[in-house]
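What follows is a set of notes on a single structure, which appears directly below.
A short reminder: the numbers here are calculations on the coordinates, not readings from a lab. Please read these numbers as outputs of a predicted model, since none were measured by experiment. Glycine gets a Cβ as well: all are built from the backbone with ideal geometry, and neighbour counts include every protein chain shown.
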Amino acid sequence: MSWRDVVGLAGRGVRRRPGRAVLTVLAVALASALFSALLTVSRTAEVRVLDELADGGPLAGIEVAAAEPDPTQVDEDDADGGEPRDLDDAALAEIAGLPDVETVVPLVSTGVAVVPPDPVTLADGTEVTLQGDGDSDADGDEGGRRGMLFETVVGADMARAGDLPISVLAGRLPQPGSLQEVAVTPGWLARFGLERTDAERMLAVEIEIGAPRSFGDTIRGRWTRAEIVGVVAQEAASGVLLAPIELVTTARGWTLAGDDRFDLPSSPYSGAFVVARGLDQVASVRNDIHDIGYSTSAPENLIASVQRYLRVVEIVLSGIGLIALAIATLGIANALLAAVRERRREIGVLKAIGARDRDVLRLFLVEAGVLGVIGGLAGTLLGLGLAAVVGMVVNGYLHSEGLAGVQPQIPLEIAAAGVIGAGLLAVVAGGIPARRAARLPAREAVDA
Amino acid sequence: MRWRTRADPPVPGSAGRGPGGGGSTGTTGWAASRVNGRRGGVAISVRGLTHRYRTPTGPLVVLDDVDLDVPATGYAAVTGPSGAGKSTLLSVLGGLEPLQEGVATVGGTDLCGLHGDDLAAFRRATVGFVFQHFGLLEPLTAAENVELAGALAGRRPGERRRRAAELLEGVGLADRADHRPLQLSGGERQRVAIARALANRPRLLLADEPTGNLDEGSALSVIEALERSREEHGCTLVVVTHNRGLAARAPQCVALDRGRRVS
């Protein structure tokens, strides 16, 4: 008997008792749904947690400071830098040439004067003003305007923002090369008494940014008007403004052209963000950078520890899903045993007209497999749907807290495991009933 | 000895002696002896057949030293009261269960020593069964039930569809080919079962109380269908029946009582 005939006959056998088939499939589907939903949620949570640890950047990211390494802290995740040391193009090129370094993103930061509108009209039409007396750094002696803030603006290549530890909370990142767009951090929102949940409201506000230059007793500013296009949680460097590197380099150049009143660091780059090829390579890359002479920090040890804990959670959740699947396969075994009892005569007739034991065995195994695969397919789809719903609920909560949302992770291997695993477990569960059916004597055709 | 279906390669040394002369073993003999779709019947020879069933109270002898001869293309009726061993005799002759004691040859094939797949191959290649309960698979249509026998013999779908149509037409059910068993009357179901029994061109047709569940009119049409099949297909026919009138139609009548042959 060909496999095609066996499958056709098994399909008819399944459809013959729709009630039992539906219940059996439902049991498998629910188990598969639980299995795939748990794993998907687990995987999503893992990605979210690791993303949080990496501040939205790559897991294998390393912050390089324009400072010498502190020999006592070289192995720590969050090492303090030693004495300042210039980080220039030559040093960056040397770092980029290290083995296991994937990318190097330079960062530039500089102090600027920022003047927001007074009052600031938010996107929803409400108005807010600076909390307190403008800014602590506002200094009338230096010719500052009322409501002027002295802030640090961090510049990065926006085309490579994906390599940086930056999470967009609202809006978007500035366009690469733009001199009129900036993003702000929750620290900026706090200047106006706003929370992270108010991030959307700050969008489209225009501010003036002035690069100061000292001319002896006089300070003059080179002003530019920029729009706040996004609110970000950025940990690439300290500063409440994030802008394209071109904007920051221009501002810094203007300030450096004056006298040394502002005491800007001589390093062309305030730091760099280096991405290693993998988490396992982070330690060696950090050592190499230390050897070159720069301080680094990376959450590698923390990430490795958290990954171990998350793996345990994933194993536990997988175990729960597998137990559910095992219970469902017992349901398949029970349904097939009942079918064998009911179909003794039919099995006898099949043998009487020429079926071999292995034909009957295959017939029942395929019936089990069909139930398992259908249940697994339905359950996996249901599970992924459940995971998506859970993701939406979690996103709602995270957004209400002003945190970056989660993107449900739907790994293909989980979907495939849900379907194929259910099918295989069903075939295993059908083994005993199928063997029992195959061993029934042909005489059953006459006796039953 | 390993029995082979038509789809199997021939087994060396398994070629039979041809129709009428004791028959052949397996499909190689079938192919050689078939003429215009007729394969010829097989002769049956049984000597000292004894069969027991295990019961909680010990072995129960259901056939006791039975002798039987049916010539090739012969027609025999087996009668007797309930528990006489009629169905067991049929089961042994048809390879539904292994021979325990005695000698039984069907078409020159010694049934002694045939087990498992060999018995399945023997049933597939040589025997066609008709049961009192029809034995049709409910999810399948009449045509599909007939095709099933061909599928088990490894025949190609097109070939077995043609064969099923031809056989259903032969039993007057061409217009009921797409009906399921529950949509057919008892007599129609039994005629479908006869068509299925003939699907693989058996050389021995065994019918166990084929009219037991039928009214008189249907019973007559079914027994006539069996007799016509025997004539058209040239097979040997053995019918187990309680019905003396139907038994009297057979040229050879074998009576059993409590496992022993009484006439």
### Task
Express the C-alpha Rg of region A:223-294 as a ratio against the empirical globular expectation 2.2 N^0.38 Å, rounded to two decimals.
1.46
### Message
Please list, ordered by chain and number, the residues whose modelled amide H lies under 5 Å from the amide H of A:GLY271; skip anything fewer than 5 residues away on the same chain.
### Response
A:LEU107
### Query
Once both axes come from the Cα atoms, what is the angle between helix A:245-256 and the longest principal axis of chain A, in degrees from 0 to 90, rounded to 10?
20 degrees
### Query
If you average the sequence gap of Cα pairs under 8 Å that are 6 or more apart and divide by the length of chain A, what percent do you get for the contact order?
28 percent
### Message
With an 8 Å Cα cut-off and a minimum separation of 6 or more residues, compute the relative contact order for region A:99-278 in percent.
### Response
35 percent
### Computed label-point distance, nm, for sites B:GLN252 and A:THR197 using a 7 Å Cα→Cβ extension
9.7 nm
### Query
So what's region B:124-263 giving for Rg/Rh, alpha carbon basis, Kirkwood Rh from the mean inverse pair distance?
0.98
### Task
Grab the other residues whose beta carbon is less than 15 angstrom from that of B:GLY245, score K and R as +1, D and E as -1, and report the net.
-3
### Query
Say a site is exposed when it is one of the GluC sites (Glu not before Pro), sits in a DSSP loop, and has at most 14 other Cβ atoms within 10 Å; what is then the longest site-free stretch of chain A?
A:196-400
## Note on the structure
Longest principal axis of chain A (C-alpha) makes with the long axis of helix A:357-400 (C-alpha) an angle, in degrees to the nearest 10, of 30 degrees
### Query
Can you give the average number of partner chain beta-carbon atoms within 10 Å of each beta-carbon in peptide B:113-120, as a whole number?
3
#### Entry: Summed residue charge, Cβ within 13 Å of A:VAL25's Cβ, Lys/Arg positive, Asp/Glu negative
+2
### Query
For A:VAL313 and B:ARG156, what is the calculated FRET efficiency with R₀ set at 51 Å and r taken between the beta-carbons, to the nearest 0.05?
0.40
## Note on the structure
Dividing the surface of the Cα convex hull of region A:99-278 by four yields a projected area in nm² of 10.5 nm²
### Query
Any idea what the dipole of the protein assembly as shown comes to, in debye rounded to 20, about its Cα centre with Lys/Arg Cβ at +1 and Asp/Glu Cβ at -1?
8800 debye
### Summary
If the label point sits 7 Å along Cα→Cβ of B:HIS115, residues of region A:343-367 with amide N under 15 Å come out as A:357
### Message
Output wanted: per-residue J couplings in Hz (rounded whole) for region B:75-86, from phi through Karplus 6.51 cos²θ - 1.76 cosθ + 1.60, θ = phi - 60°, x for Gly and Pro.
### Response
9, 10, 10, 10, 10, x, x, 4, x, 6, x, 4
### Summary
Here D for region B:213-260, in µm²/s, from Stokes-Einstein with a Kirkwood Rh over Cα pairs at 37 °C and 0.692 mPa s, works out to 276 µm²/s
### Task
Provide the FRET efficiency to the nearest 0.05 for the A:ALA304-A:GLU94 pair, computing r from the beta carbons and using R0 = 35 Å.
0.80
### Task
Can you pull the one-decimal nm distance between simple spin-label points at A:PHE262 and A:TRP3, each 7 Å off the Cα toward Cβ?
7.4 nm
### Interchain or long-range residues, amide H under 5 Å from A:ASP70's placed H
A:GLY82
### Message
Using the Karplus curve 6.51 cos²θ - 1.76 cosθ + 1.60 with θ = phi - 60°, what ³J(HN,Hα) values do you get for each residue of region A:29-34, in whole Hz, with x for Gly and Pro?
### Response
4, 5, 5, 5, 4, 4
### Task
Sort largest first and round to whole Å: the equivalent ellipsoid semi-axes of the protein assembly as shown, each the square root of five times a Cα gyration tensor eigenvalue.
92, 24, 20
### Summary
Ordered by number, the chymotrypsin sites (Phe, Trp or Tyr not before Pro) in region B:82-151 that occupy a DSSP loop and have at most 11 other Cβ atoms within 10 Å are none
### Query
Given chain A, what percent of its DSSP beta bridges are antiparallel, to the nearest 5?
85 percent
#### Entry: Within a Gaussian network of chain A (alpha carbon springs, distance under 10 Å), most fluctuating of A:GLY376, A:GLY19, A:GLY162
A:GLY19
### Fraction of antiparallel bridges per DSSP, region A:99-278 only, in percent to nearest 5
80 percent
### Summary
Output row, site A:GLN131, 7 Å Cα→C-beta label point, backbone N cut-off 18 Å, window region A:389-418, residues A:401-403
### Summary
Residues meeting the amide H criterion for A:GLU181 (H placed from the backbone, H to H distance under 5 Å, 5 or more places apart or on another chain) are A:GLU227
### Principal axis dimensions, region B:150-202 - Cα atoms, whole angstrom, descending
30, 20, 18
### Query
When Lys and Arg each count +1 and Asp and Glu each count -1, what net charge do the other residues less than 12 Å away from A:TRP254, Cβ to Cβ, add up to?
+4
### MRE, 222 nm, helices only [DSSP H, n ≥ 4, -39500 (n - 2.57), over chain A, to nearest 500]
-16000 deg cm²/dmol
### Residue-averaged 222 nm ellipticity for chain B, from DSSP H runs of 4+ at -39500 (n - 2.57), nearest 500
-10000 deg cm²/dmol
### Query
Residue by residue, what Karplus-based ³J(HN,Hα) values in Hz, rounded to whole numbers, does region B:246-258 have, using 6.51, -1.76 and 1.60 with θ = phi - 60° and x for Gly and Pro?
5, 4, 5, 6, 7, x, 10, 10, 10, 10, 10, 8, 6
### Message
Could you tell me the relative contact order of chain B? Use alpha-carbon pairs under 8 Å, at least six residues apart, and round to a whole percent.
### Response
25 percent
### Query
Going 7 Å from the Cα of A:THR152 in the Cα-to-Cβ direction, what parts of region A:274-293 have a backbone nitrogen less than 19 Å from that spot?
A:274
### Query
Using Cα atoms only, what is the angle between the long axis of helix A:412-429 and the major principal axis of chain A, expressed in degrees (0 to 90) to the nearest 10?
20 degrees
### Normalised per residue, the volume of the convex hull around the Cα set of chain B (Å³)
124 Å³
